[in-house]
Amino acid sequence: MSERGLLFILSGPSGVGKGTVRKALFESEGTELKYSVSMTTRQKRQGEQEGVDYFFRTREEFEEKIAAGEMLEYAEYVGNYYGTPLDYVNKTLDEGYDVFLEIEVLGAMKVKEKVPEGIFIFLTPPDLAELKSRIVNRGTDEMAVIDKRMSVAREEIEMMSHYDYAVVNDQVDKAVERIKHIIESEHCRVDRVVERYKNMLKEL
């Protein structure tokens, strides 16, 4: 039986580039992670694909899944639900694969309550001015929504202390390399491998 995989959680304030970094990570050489696609009630943006970027559902469909206990976590953010379907995550971890979640900060805190052994990575902007510039340049939100996102972002950055690692997204390729080093380091932790070697010693 294969060892259970590790759960990696990437989150950070809106506009910090979580989706961009996640896509670059999965396109990089040697990545063997399994991506857990999140579910949302927000509208699909140009270029996004169902089942690749998100599972897009109506509010009613999402609330039915909440009521049925089928979400690992969920949160309402700027008027829309975001969440992680539970079945896929457990099945993939049990098969021995590492699972990578890219979720909002409130969702990450709910995962931490249920899966405290997960590895939590906070993606940070170089500074708040750069963060606002990225949100504005995305061109998908009205100014009132942008101001609300910036207000929430300040609150989210204050929650960084609940994470295991902080990675600055100054350049996407550098952020990806930092995350890959974290993944490699976590697999080398003694508490993750010691039982395997104890079992080997018993067989000698």
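Report yes if some residue within region 138-157 is part of a helix (DSSP H, G or I), closer than 30 Å to G69 by Cβ and either without any contact (Cβ under 8 Å) to a residue 60 or more places away in the chain or not assigned by the TED database to the domain that holds F8 (or both); otherwise report no.
yes
List pairs: first in region 14-29 and farther than 11 Å from D173 by Cβ and open to solvent by 20 Å² or more (accessible area, probe 1.4 Å), second in a loop (DSSP other than H, G, I, E, B) and of a type in the set (D, E, K, R), Cβ under 8 Å, 6+ apart or cross-chain?
Listed pairs, sorted by first residue: G19/D53.
Please enumerate the residues belonging to region 158-204 that are under 24 Å from the mean Cα position of the chain (by Cα) and assigned to a loop (DSSP other than H, G, I, E, B).
E158, M159, Y163, D164, N169, D170, Q171, C188, R189 - these are the residues of region 158-204 that are under 24 Å from the mean Cα position of the chain (by Cα) and assigned to a loop (DSSP other than H, G, I, E, B).
Would region 51-68 turn up any residue that is among the acidic types (D, E) and within 17 Å of D98 (Cα to Cα)?
no
Determine which single condition R57 fails, assuming it passes every other condition in (1) out of contact with any Lys or Arg (no Cβ under 7 Å at 6 or more places or on another chain); (2) closer than 21 Å to E3 by Cβ; (3) open to solvent by 10 Å² or more (accessible area, probe 1.4 Å); (4) at pLDDT 90 or above.
It fails just one condition, (2).
The values are calculated or read from the model by the stated rules, or taken from the named source; none is laboratory data. Because the structure is predicted, anything quoted here is derived from the model rather than measured. FYI the Cβ positions are ideal-geometry reconstructions off the backbone, even for glycines, and counts take in every protein chain you see. Accessible surface is based on the protein model in full, side chains and every heavy atom, while ligands, DNA and RNA are left aside. Shrake-Rupley method; radii C 1.70, N 1.55, O 1.52, S 1.80 Å.
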